[in-house]
Amino acid sequence: MFNTGTVVGVSANVFGSGFPPKYVPSFTWGGSDSLTSYALDRSIDVAKRVMERRKIAFTEIDERVFDKRCLVIEKSSYDAFYNTRLYDILEKNSIKSVFISGFVTNLCCET
């Protein structure tokens, strides 16, 4: 169960009863009692197995979501990336396309 406005990072596994913290960082495992870090290589292996079972290719782009080469900017409130490094990074690198993923991507991400 999640409170309104809870932000969950990439490859996080949230389980159990009760409410987890309002912000669950990427690559964490746990629930309302405690959260622990999840090893990056294990996270990639799990994603590959899950996608393979669904007969979906795990591409280089998918792996980059887990990799340091892929920029992940986590936001922890309803603010549409205000006060983050996103705009400056996009401008500096002449990036024209952005892949946004999350629990509710239409909330404060559409502009």
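The values are calculated or read from the model by the stated rules, or taken from the named source; none is laboratory data. Note that this is a predicted model, so its numbers are computed, not measured. Positions of Cβ are generated from backbone atoms using ideal geometry, with glycine treated the same way; all protein chains shown enter the neighbour counts. SASA here: full protein model, heavy atoms, side chains in, ligands and nucleic acids out. Shrake-Rupley method; radii C 1.70, N 1.55, O 1.52, S 1.80 Å.
Probe 1.4 Å, all protein chains in place: accessible area of R85 in Å², nearest 10?
For R85, solvent-accessible area is about 140 Å².
Give the accessible area for Y87 in Å² (nearest 10); use a 1.4 Å probe, count only protein heavy atoms, and leave out ligands, DNA and RNA.
About 150 Å², rounded to the nearest 10.
Using R₀ = 41 Å, calculate the FRET efficiency as 1/(1 + (r/R₀)^6) where r is the Cβ-Cβ separation of S37 and K96; round to 0.05. Intermediate results must be reported in sequence, preceding the final value.
Numbers: r = 34 Å, r/R0 = 0.82.
The value I calculate is 0.75.
Can you give the extra length, in nm with one decimal, that the chain gains between F15 and A57 once fully stretched, where that is 0.36 nm per residue apart less the Cα-Cα distance? Mind dumping the intermediate values first?
Values: separation 42, 0.36 × 42 = 15.12 nm, distance 2.68 nm.
Result: 12.4 nm gained on full extension.
Can you work out ³J(HN,Hα) from phi for every residue in region 8-18, in order, using Karplus 6.51 cos²θ - 1.76 cosθ + 1.60 and θ = phi - 60°, giving whole Hz and x for Gly and Pro?
10, x, 5, 6, 8, 10, 10, 8, x, 8, x
Apply the Karplus curve 6.51 cos²θ - 1.76 cosθ + 1.60, θ = phi - 60°, to the phi angles in region 33-38 and return the couplings in whole Hz, x for Gly and Pro.
Coupling constants for region 33-38: 6, 6, 10, 10, 6, 10 Hz.
Just how much of D62 is accessible, in Å², when a 1.4 Å probe is used and the result is rounded to the nearest 10?
Answer for D62: close to 40 Å² accessible.
On average, how much accessible surface per residue is there in region 10-66, in Å², for a 1.4 Å probe, leaving out ligands, DNA and RNA? Intermediate values should be presented prior to the final figure.
Working: 3900 Å² over 57 residues.
Per-residue value: 68 Å².
Counting only protein chains, not ligands or nucleic acids, how are I89, I56, I61 ordered by accessible area (probe 1.4 Å), most first? Please list the in-between numbers first.
On the way: I89 35, I56 90, I61 125 Å².
These residues rank, largest area first, as I61, I56, I89.
When the accessible area of region 1-74 is computed with all protein chains present and a 1.4 Å probe, what percentage of it is carbon and sulfur? Working shown, then result.
Numbers: 2790 of 5110 Å².
The computed percentage sits at 55.
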